[in-house]
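Taken together, the values in this text are just the output of simple stated rules run on the coordinates, not laboratory data. Given the structure is predicted, the values throughout are model-derived calculations rather than measurements. Positions of Cβ are backbone-derived with ideal geometry, glycine not excepted, and every protein chain shown enters the neighbour counts.
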Amino acid sequence: MADLVPHLWFDDDALDAVEFYTSLLPDSRIVNVANAPDEGGVLVVTFILQGQPYAALNGGPRFPHTEAFSLALTCDDQEETDRYWTALTADGGSEHMCGWCRDRFGVHWQVVPRRLHALLADPDPGRARRAMEAMLTMRRIDVAALEAAAAG
């Protein structure tokens, strides 16, 4: 079977980004750092995030990150959601609506507690609708507020 490895394009800070990501997420590590043959600087970093292989390329400023590609991080509870959200938005990152944020390297993330998925799939359409309406007003997802909204 062929390997499928998402590549993230960076201007010139791929190694810094990968060091941050692998320090933040469990079951993560840098596999290899390949330098550019002529310049000697970092060209490609291969790495594992939570068991999934990725590569990061220092390709220059031609292609900035956009919301068209994001990393979805499903969290077990509010504490974990808050911890990742705080780390990802620190040092120049930014908060966006509905659990989306951008880290200081420009990569977009969806930081979502598992409970949100369950509430949106609630068999009672009214509960699911109220949870969705509440989520649409949030930046960082607040599980207690979602629960309260779903309850009506």
Next item on the list: Would you work out the charge dipole size for segment 1-60 about its Cα centre, treating the Cβ of every Lys and Arg as +1 and the Cβ of every Asp and Glu as -1, and quote it to the nearest 20 debye?
Entry: 280 debye
Check: Please identify the chymotrypsin sites (Phe, Trp or Tyr not before Pro) of segment 1-88 that satisfy two criteria: DSSP loop assignment and at most 16 other Cβ atoms within 10 Å. Which are they?
Finding: Phe69
Notebook entry, point to check: Which one of Trp100, Pro61, Thr22 is farthest out on the positive end of the charge dipole of the chain, using unit charges on Cβ (Lys, Arg +1; Asp, Glu -1) and the Cα centre as origin?
Noted result: Trp100
Next item on the list: Starting with the fewest neighbours, write out Leu15, Leu116 ranked by other beta-carbon atoms found within 10 Å of each beta-carbon.
Entry: Leu15, Leu116
Margin query: Helix-only estimate, please: 222 nm mean residue ellipticity of the chain, summing -39500 (n - 2.57) across DSSP H runs of length 4 or more and dividing by its residues, to the nearest 500.
Written below: -9500 deg cm²/dmol
Next item on the list: Take every Cα pair under 8 Å in the chain that's 6+ residues apart, average their separations, divide by the length, and report that relative contact order as a whole percent.
Entry: 18 percent
Margin query: Under a crude label model (7 Å from the Cα following the beta-carbon direction), how far is Ile48 from Arg129 in nanometres?
Written below: 4.7 nm
Notebook entry, point to check: Taking every DSSP beta bridge that has both residues in segment 1-60, what percent is antiparallel when rounded to the nearest 5?
Noted result: 75 percent
Check: What is the fewest-to-most order of Val107, Val143 by other Cβ atoms lying within 10 Å of their Cβ?
Finding: Val143, Val107
Item checked: Within the chain: Cβ-based charge dipole about Cα centre, in debye rounded to nearest 20 (Lys, Arg +1; Asp, Glu -1) -> 500 debye
Item checked: Distance-filtered residues of segment 1-35 - backbone nitrogen under 18 Å, label point 7 angstrom along Glu79 Cα→Cβ -> 25-26
Next item on the list: In whole Hz, with x marking every Gly and Pro, tabulate ³J(HN,Hα) for segment 64-71 from phi via Karplus 6.51 cos²θ - 1.76 cosθ + 1.60, θ = phi - 60°.
Entry: x, 5, 9, 5, 5, 10, 9, 9
Margin query: To make sure I understand, if each residue's beta carbon is the centre and we count other beta carbons within 10 Å, what order do Leu24, Leu73 fall in, fewest to most?
Written below: Leu24, Leu73
